[in-house]
1. Once amide H atoms are built 1.01 Å from N in the peptide plane, which residues 5 or more positions from Arg128, or in another chain, come under 5 Å H to H?
2. So, in Å, what gap is there between the alpha-carbon centers of region 11-31 and region 110-167?
3. Hey, can you grab everything whose amide H is under 5 Å from the amide H of Leu145? Only 5+ residues off in sequence or another chain; H modelled, so Pro and N-termini drop out.
4. Explain nothing, just compute: Karplus ³J(HN,Hα) = 6.51 cos²θ - 1.76 cosθ + 1.60, θ = phi - 60°, for every residue of region 55-68 in order, whole Hz, x for Gly and Pro.
5. Taking only pairs that are 8 or more places apart or on different chains, how many Lys pairs in the chain have Cα atoms under 24 angstrom apart?
6. Give the relative contact order (percent, whole number) for region 49-100; include only Cα pairs under 8 Å separated by 6+ residues.
7. When the helices in the chain are scored as -39500 (n - 2.57) per DSSP H run of 4 or longer and the sum is shared across all residues, what 222 nm value do you end up with, to the nearest 500 deg cm²/dmol?
8. If you consider only alpha-carbon coordinates, what radius of gyration and Dmax does the chain have, in Å?
Amino acid sequence: MVSLRFEEYTTDEQLTALAELADVIWHEFFPDIISDGQIDYMVEKFQSFEAMKRQIAEQGYHYFAVVMDEVPVGYYAVAKQKDGSLLLSKLYLRADMRRKGLSSMMFREIRRYARREGTQLIWLTVNRNNTHAIEVYKHLGMRLLREEKFDIGNGYFMDDQIYGIMV
């Protein structure tokens, strides 16, 4: 029998493991959407151990691992915003774990978390060319709220759509 749990990761050792997992996931998923240079830049800027520590300390992020049989196979991060909404900042699974219903299970956990935090809206940003993720978010009941382009430095931009769902 497979054991599956969602565990908040807070220690340096846990966050190091998530950063390593993020590097693997980003390099297996994003090459068809953004350049290798931008992948490396974004992993370092947003998904590295140092970035995760900074997001937790300065922006109130909470990182959760999807742990299957004691091995992290994915993760998500959330941060309550000043307006009371919940930013779903990260939602990633290893390639071999996709299309198994785990995204739906992750999203149920995120909705439970949002209700416990008293938030009304969960929202996220997604690259407009990430059609697979967009279809997953639509399947989960999320709706397009707006589109934005963010300058993330080093000559790179995030050309995103913002999706949301009421809790």
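No value in this document is a laboratory result; all are computed from the given coordinates. What you see is a predicted model, and the numbers here were worked out from it, not measured in a lab.
1. Asp159, Asp160, Gln161
2. 20
3. Amide H neighbours of Leu145, under 5 Å, 5+ apart: Ile162, Tyr163, Gly164.
4. 4, 5, 6, 9, 10, x, 6, 10, 9, 10, 8, 9, 10, 10
5. 18
6. Working: 63 pairs, mean separation 12.8, N = 52.
Computed over region 49-100, the figure is 25 percent.
7. Values: 5 runs with 61 residues, N = 167.
The helix contribution divided over the chain gives -11500 deg cm²/dmol.
8. Radius of gyration, then largest Cα-Cα span, for the chain: 15.1, 48 Å.
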